[in-house]
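Notes for the one structure printed next.
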2 protein chains.
Amino acid sequence: MITRMSSLFLRTLRDDPADAEVPSHKLLVRAGYIRRAAPGIYTWLPLGLKVLRRVEAIVREEMAAIGAQELTFPALLPREPYEATHRWTEHGDGIFRLKDRKDADYLLGPTHEEMFTLVVKDLYSSYKDLPLSIYQIQNKYRDEARPRGGLLRGREFIMKDSYSFDVDDAGLEESYQAHRDAYVRIFDRLGFDYVVVKATSGAMGGSRSEEFLAVAEVGEDTFVRSPGGYAANVEAVTTPAPEALSYDDAPAAHAEDTPDTPTIATLVAHLNEAHPRDDRPWTGGDTLKNVLVMLRHPDGTREPLAIGLPGDREVDQKRLEAQLEPVEVEPMTDEELKEFPALVKGYIGPAYDGRTVLGEESESGIRYLVDPRVVTGTRWVTGANTHGQHVLDLVVGRDFTPDGTIEAAEVRAGDPAPDGSGPLELARGIEMGHVFQLGRKYAEALDLKVLDENGKQVTVTMGSYGIGVTRAVAAIAEGTLDEIGLCWPRNVAPADVHLVATGKDEAVFAAAERIAHELDAAGVEVLYDDRSGKTSPGVKFKDAELIGVPTIVVVGKGLADGVVEVKDRRSGEREDVAADAVVDHLVALVRS
Amino acid sequence: MITRMSSLFLRTLRDDPADAEVPSHKLLVRAGYIRRAAPGIYTWLPLGLKVLRRVEAIVREEMAAIGAQELTFPALLPREPYEATHRWTEHGDGIFRLKDRKDADYLLGPTHEEMFTLVVKDLYSSYKDLPLSIYQIQNKYRDEARPRGGLLRGREFIMKDSYSFDVDDAGLEESYQAHRDAYVRIFDRLGFDYVVVKATSGAMGGSRSEEFLAVAEVGEDTFVRSPGGYAANVEAVTTPAPEALSYDDAPAAHAEDTPDTPTIATLVAHLNEAHPRDDRPWTGGDTLKNVLVMLRHPDGTREPLAIGLPGDREVDQKRLEAQLEPVEVEPMTDEELKEFPALVKGYIGPAYDGRTVLGEESESGIRYLVDPRVVTGTRWVTGANTHGQHVLDLVVGRDFTPDGTIEAAEVRAGDPAPDGSGPLELARGIEMGHVFQLGRKYAEALDLKVLDENGKQVTVTMGSYGIGVTRAVAAIAEGTLDEIGLCWPRNVAPADVHLVATGKDEAVFAAAERIAHELDAAGVEVLYDDRSGKTSPGVKFKDAELIGVPTIVVVGKGLADGVVEVKDRRSGEREDVAADAVVDHLVALVRS
């Protein structure tokens, strides 16, 4: 098809939109691909829609290739199925809820596990019907607290979500692998730099779980990777627990005055001055920091939690919440702290001097979870539960026993990979896809069973596989743009060739017109800048660079010498090609 | 593509769903095309989605052919633009409203006039940018009081809505005509019986307006047509007003006792007995019936209205409301009637004996609108505002003057067409498309102006053009089904050929498999019933008839004689075709 700039519904902008911070967001607006309709809610203009449809087509082809069948659920959904799985409540403020004229409750679907489960229950009843993979490409809604980056984190967005249904775990493993392989093909074709990382499965429940992340500075997800090939979303990184130590030779715990030590750094300095170690100086890692938080459950109830971790590490809120989903974590206020008289602000420790202060069986009754590094036999400097004092040589397993462990401490570059594959490096990414094994959570909640070979009712096991389709458009843009504009991979560009006619010479426009038609006839998508001579060549070139079609062809003065210019948008390389050979040249280029 | 029944996500049902009354609704559910998710909200199963996509593709092709450009707006929309055009309120209970986590108001878009207007205002500023036609195919939401007929009247549904933007009326006329022509091509290709009728433009405002109705008994719209080619939605039918009559020779109005005349019929009988006419008997058409209603404005305020019409006709609520949109009409209760002491129930008339009872300047102060047939000089029998009495020879223009006219009376078969093209017949239809000239209503409300050739700001004039895409699927089904199942036109069928292998003979399945592959290679979409011999031929035939692919090919016992059966689903005609010639035969059939 020939798309003509003279009539294309497009206005490019010289200036960045005021509300955009992320480069792809700025350029997608400036180049006329999208427009903001409300926070996190976008209109797709013709160029944007072309890219979106091309992404969708790639996803559809690869889904069909693994035998997944497409259907479409409504976006407006009744409350009842989400009630059955408790997600009506668990989603908290994160979903849009509404009532119809009869006062019945509805939501705008954030994901469709329930609906998929129910439709299979409606249609199928035997193991012979399985395995089954079904999917949709459809509008989703989440009432994000902070919509961000244009399409990167929106409130109305398009997802491809598929679900697999199997009669047993081996089947689920196969379905999972088929989807994972399809995702690799999809992201390869979409043409951006991505990593597959281990992930937590969060509120969805389930076991095996991996994310496909587009590697990008602007990404909201932090992931780690090791030289030996370990890769994980930072929420999913597990801390290797050291071996338990013997504490036979450990001195008894002893409290010391530690005046003016409001921070770990001042405490460490004081220790090195007043209580120097023989072997090495004290470090923050020798101290046990106890952080108190309040857990807010979806039903609104609140519960305190104490977290013990080495003093040289902060609590990573996202890692912590990933362990506790759907619970949200809030700081404990001073007011709330006062309700626990056993806790002395600034000097909180689990136990000392015959008193136990943290733990379900302690004076405070507050559940106490520690970092996996806080193993039996390790010795810590921590609060003595007395103002102005810390206790030294407090030994885990001798002086206190936590209620359990939790992955709440920040992960740092250089930390060892849990599989021993070397030190971790940290990077940022955009979550583009997520494959995970849901297992039987939804099937159990909604009673999806089939008859097995022996005529017995068995609960179906499910996998869930998502791709952020609108987000992919932004991620591809983000991963490929340069300082002058967008720069699409050929597979998803809004056109194959951006043909520019410059000047006012009628012969130039006639030649360009001929080239456009011949390309069109050869099945090449042409964006043809046929605007009259009143639009300067400079404006046309700038628009072409901003819009980012991979090949730019300029028909201009060179035509007098029988040549047109073919320019590669990415490399900037130009070459003159004979005007009567340029169509063949371009067809070959586009199909290569 | 080959779609295999052995793995297709499908279950056909023997029994009609309990909640379905309309034949197409029953069959679309029974044949596994759709499933109900909530009242008026449907899930599209694979077969249904194929038909939907084919309808969408036809719409897209014809939109592109008139140069309309596709974009997509969100479904979740902010309140502000709808506030500016008063539609936030005017839509009443008919739209879904919701709040986000920051308590901001949103709606689920029922139509997108505001958004289209604003995006053009955002991008364009000069007459040189126009004309422009842009459209989307997108989910719409209406909180219908009575969702009905499955996809026929849903609460979540897909519409194609386009808008044209022109600098002047002549341009709008051209854009309108281009869309109208495209609609004719679209509905011709969709393959159902339709009529184009004059329509009112309702809450949308505007002038020229036509609807495309699928002719169907189950339709909710009534339309009329005349032998001379007049066609209109019943709401849009205008009543030819007779010439005013001279009343110089009319006797003075005189009240008469009319005991026991609670109905028009009893009144007419009494008149014929007690006051016989010389020329002919009295009829209901000689009486003037005065109907009192309450108008409910979108802001909730209520206002009385009196409607005077010939006694042989009822008020048609839909016609009345079409004149008054967005006002809703409710009956006046006895309680409310009592607030007007001048009105004597059962004997209400506009005026008599020096008193004026109906009209803005009357004792009641109630606005009084009459049927267009109630012209100056006509004489009526009507209530005398005294219990037990009617007045005769009450003359319009002499004894009373209404505040105006209104098209509220029912239209009846045999009524004259307003353009003199003969008597009207009535029929029912499903509204499939609506083209209308919005004019400047939205452009004015949202300040969409462009510079004209003289550098002056002029307000843009708009056209609005909708097609109910999901509704079209139901309408096509409804218009083509028969007593044994669905019966799709070739252009929109979920497959080109339904290939059935029967029995248990491996040679049969091998031959069917070969045919399927050869058809697929030739670009023919095959639905292949490859289910094993355990599924009886009877079940397979019944499923094929229910699903309604236009050509059914049976590979079975005949194969031993080298033939397969090719059956036309609609006519039921069968022919034996040589197995080795059947692919060519089918390719020719499908492409014919």
Taking N as the number of residues in region B:403-485, what is its alpha-carbon radius of gyration divided by 2.2 N^0.38 Å?
1.78
Between B:ASP15 and B:ALA84, with labels modelled 7 Å along Cα→Cβ, what's the label distance in nm to one decimal, could you check?
5.4
Note to self, chain B gives a 222 nm [θ] from helices alone (DSSP H runs n ≥ 4, -39500 (n - 2.57) apiece, / all residues, nearest 500) of -7500 deg cm²/dmol
Strictly over 25 Å apart at the Cα level, which of A:LYS50/A:LYS140; A:LYS140/B:LYS102; A:LYS318/B:LYS140 would you flag in this model?
A:LYS318/B:LYS140
Cα-only Rg/Rh for the protein assembly as shown with Kirkwood Rh rounds to 1.05
At 7 angstrom along the Cα-to-beta-carbon line, where would the label on A:HIS86 sit relative to the other copies? Give the distances in nm, shortest first.
5.1
If you rotate chain A onto chain B, the residue of A with its Cβ nearest that axis, and the gap in whole angstrom, comes out as A:LEU98, 2
Taking each pair of different alpha-carbon atoms in chain B once, compute 1/r for the pair, average those values, and report the inverse of that mean as the Kirkwood hydrodynamic radius in Å to one decimal.
27.8
Which order do A:VAL554, B:VAL268 fall in if you start with the one that has the fewest other Cβ atoms within 10 Å?
B:VAL268, A:VAL554
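Just to confirm the filter: which trypsin sites (Lys or Arg not before Pro) across region A:433-482 are DSSP coil and have at most 16 other Cβ within 10 angstrom of their Cβ? It would help to have the intermediate numbers written out before the result.
Working: sites: A:ARG440, A:LYS441, A:LYS449, A:LYS456, A:ARG471; in loops: A:ARG440, A:LYS456.
Taking region A:433-482 and a limit of 16 other Cβ atoms within 10 Å, the loop trypsin sites (Lys or Arg not before Pro) found are A:LYS456.
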What is the mean projected area of the alpha carbon convex hull for region A:157-274, to one decimal in square nanometres?
14.8
For region B:497-591, shape from the Cα gyration tensor axes a ≥ b ≥ c, cut at a/c of 1.5 then a/b versus b/c, turns out rounded
Calculated FRET value between A:ALA244 and A:GLN323, using beta carbons and R₀ = 25 Å, to 0.05
0.65
Please give the contour-minus-distance gain from B:ASP103 to B:GLN457: 0.36 nm per residue of separation, less the Cα-Cα distance, rounded to one decimal in nm.
123.7 nm
Which Cα, out of A:LEU190, A:GLY388, A:ALA322, lies furthest along the positive dipole direction of the protein assembly as shown (beta carbon charges, K/R +1, D/E -1)?
A:LEU190
Taking a label point 7 Å from Cα toward Cβ, how far is B:LYS128 from its twins in the other copies, in nm, shortest first?
7.0
For B:87-98, mean number of other protein chain Cβ atoms within 10 Å
2
Point-charge dipole on Cβ atoms (K/R +1, D/E -1) for region B:425-474, about Cα centre, debye to 20
120
Report the charge-dipole magnitude of the protein assembly as shown in Debye, nearest 20, computed about the Cα centre from +1 at each Lys and Arg Cβ and -1 at each Asp and Glu Cβ.
1440
Which whole-angstrom value gives the distance between the alpha carbon centres of region A:427-503 and region A:273-318?
37
Each label sits 7 Å from Cα toward the beta-carbon; between A:LYS557 and A:ARG146 the label points are separated, in nm, by 5.2
Stretchable slack from A:SER592 to A:ARG398, in nm (0.36 nm times residue separation minus alpha-carbon distance)
62.9 nm
Over the whole of A:34-41, what's the average partner chain Cβ count within 10 Å per residue? Rounded to a whole number, please.
6
Take every residue in peptide B:70-82, count the Cβ atoms of other chains within 10 Å of its Cβ, and give the average of those counts.
6
Using a 7 Å offset from Cα along Cα-Cβ at B:ASP278, what residues in region B:360-400 end up with backbone N under 19 Å from the label point?
B:378-381, B:392-395
Please state the charge dipole magnitude for region B:52-124, taken about the Cα centre, from unit charges on C-beta atoms (+1 on K and R, -1 on D and E), reported in debye and rounded to the nearest 20.
240
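By average Cβ neighbour count within 10 Å, what is the ranking of A:459-468, A:66-75 from highest down?
A:459-468, A:66-75
Where a ≥ b ≥ c are the square roots of the eigenvalues of the C-alpha gyration tensor, would you call region A:254-405 rounded, which needs a/c under 1.5, or, failing that, prolate if a/b is larger than b/c, or oblate?
prolate
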Most packed first (mean Cβ within 10 Å per residue), the peptides A:565-577, A:399-411 order as A:399-411, A:565-577
So the label point sits 7 Å from Cα along the Cα-to-Cβ vector; using that for A:GLU361, what distances do you get to the other copies, in nanometres, sorted shortest first?
9.7
Just flag the GluC sites (Glu not before Pro) in region B:218-326 sitting in loop per DSSP whose Cβ has no more than 12 other Cβ atoms within 10 Å.
B:GLU243
For peptides B:353-365, B:495-507, A:276-288, sequence by mean Cβ density within 10 Å, most packed first:
B:495-507, B:353-365, A:276-288
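Which of the trypsin sites (Lys or Arg not before Pro) found in region B:1-100 are loop residues per DSSP with 10 or fewer other Cβ atoms within 10 Å of their Cβ?
Loop-located and lightly packed - B:ARG14.
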Set the Förster radius R0 to 60 Å, insert the Cβ-Cβ distance between A:ASP168 and B:GLU303 as r into 1/(1 + (r/R0)^6), and round the FRET efficiency to 0.05.
0.30
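Every read-out reported here was derived from the displayed coordinates using simple, explicitly stated rules and does not represent laboratory data. None of these values were measured; they are calculated from a predicted model. No Cβ is skipped: glycine too gets one built from the backbone with ideal geometry, and neighbour counts run over all protein chains shown.
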